[in-house]
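My questions all concern the structure below.
Every number in this text was worked out from the coordinates using simple rules, so none of it is lab data. Quick caveat: nothing in here was measured; it's all calculated off a predicted structure. Quick reminder, even Gly has a Cβ in these numbers, built from the backbone with ideal geometry, and neighbours come from all protein chains shown.
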Amino acid sequence: MKTEQQAAPTGPAFNSIREVEAHLKARMEKAISDFQHEMASIRTGRASLGILDHIRVDYYGTPTPLNQLANLHVPEPSLITIQPWDVSQIGPIEKAIRVSDLGLNPANDGKIIRLPIPPLTEERRKELVKRLHAAAEHHRVSVRNIRREGNEATKKLLKDKKITEDEDKRAHDEIQKVTDGYMEKIDQASKVKEKEILEIK
């Protein structure tokens, strides 16, 4: 049996700057894709299936993603249709949408749920932009933390005499350049999404 006294892992051990940079880029890439996923769940004035990504339906006691229980379509810019594969799930699906933070009102004809996407009010747009900015800042902090860990890993290579001081300095410059690139991606994606939220159809 393992004892509770074991030391906590200190993160991956690197043997070269290249390894540090590859690890750093992979983690920053993940931060960007997490941000894009989170942005997809923030609704704009037009129908998008991404807003339903975080909906979980109580399927016989198991919280199940909506897209695993139904066909989802956007037949027009202000409507989503949800066709459950098992019509007995219409009630639980409607309930999951009503209790979510989407503020939408589903209606069904016994076979298909229609989800009208009403135009956003000015107040709701401001709330959504605020939520977007908070998500962007959260992911910027993630990227900065990854940069810090990359710099520390590089310093450790220097301390362990695996690289020279010049290589250490070059690595720090490169890490900063990579970080700036990912920060720019977050800023750009955030600007595009904000424009979509504020756009009045």
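Calculated FRET efficiency, Lys177 and Glu199, Cβ-Cβ r, R0 30 Å, to nearest 0.05?
0.35
If I model a spin label at Glu123 and Lys95 as a point 7 Å from the Cα along the Cα→Cβ vector, what separation in nanometres do I get?
Modelled inter-label distance: 2.9 nm.
Quick one: longest stretch of the chain between exposed loop chymotrypsin sites (Phe, Trp or Tyr not before Pro), exposed meaning at most 14 other C-beta atoms within 10 Å and loop per DSSP?
Value returned for the longest uninterrupted segment is 86-201.
While we're looking at this one, here's another question. Could you list His73, His139 in order of exposure, starting from the residue whose Cβ has the fewest other Cβ atoms within 10 Å?
Fewest-to-most ranking of His73, His139: His73, His139.
Continuing with this model, one more query. What are the ³J(HN,Hα) values, in whole Hz, obtained from phi via the Karplus relation 6.51 cos²θ - 1.76 cosθ + 1.60 with θ = phi - 60°, for each residue of segment 69-82 in sequence order, with x given for Gly and Pro?
For segment 69-82, the Karplus-derived couplings read 10, 7, 7, 10, 9, 10, x, 8, x, 10, 8, 10, 10, 10 Hz, x marking Gly and Pro.
Now for a separate question. Would you mind ranking Glu122, Glu29 by Cβ crowding within 10 Å, fewest neighbours first?
Lowest count first: Glu122, Glu29.
Same structure again: At what distance in angstrom do the alpha carbon centres of segment 18-66 and segment 159-188 lie from each other?
About 27 Å separates the Cα centre of segment 18-66 from the one of segment 159-188.
Here is a follow-up. Over the C-alpha atoms of segment 49-116, what are the Rg and the largest Cα-to-Cα span, Dmax, in Å?
10.7, 33
While we're on this one: Using alpha-carbon pairs under 8 Å, 6+ residues apart, how would you state the relative contact order of segment 49-116 in percent?
The normalised contact order for segment 49-116 reaches 28 percent.
Along each of the three principal axes of the Cα atoms of the chain, give the extent in whole Å, ordering the values from largest to smallest.
Principal extents (largest minus smallest coordinate, Cα): 71, 52, 24 Å.
What FRET efficiency comes out for the pair Ala107/Arg18, r = Cβ-Cβ distance, R0 = 35 Å, nearest 0.05?
The calculated FRET efficiency here is 0.05.
Express in nm, to one decimal, how much length is gained between Val141 and Asp166 on full extension, taking 0.36 nm for each residue of separation and deducting their alpha carbon distance.
6.2 nm
Amide H neighbours of Ser78 under 5 Å, at least 5 residues apart or on other chains, H built in the peptide plane: list them.
Excluding prolines and chain starts, which carry no amide H, the hits are Ala47.
Give me the lysines in straight-line cross-link reach of Lys161: C-alpha distance below 28 Å, same-chain residues under 8 apart excluded.
Lys25, Lys169, Lys177
May I pose another question? What FRET efficiency, computed as 1/(1 + (r/R0)^6) with R0 = 25 Å and r the Cβ-Cβ distance, is obtained for Lys156 and Gln188, rounded to the nearest 0.05?
With R0 = 25 Å, the Cβ-Cβ based efficiency is 0.15.
Let me ask you something else. Which ³J(HN,Hα) values, rounded to whole Hz and listed in residue order, are derived for segment 142-150 from phi using the Karplus coefficients 6.51, -1.76 and 1.60 in 6.51 cos²θ - 1.76 cosθ + 1.60 with θ = phi - 60°, glycine and proline given as x?
For segment 142-150, the Karplus-derived couplings read 4, 5, 5, 5, 5, 4, 4, 5, x Hz, x marking Gly and Pro.
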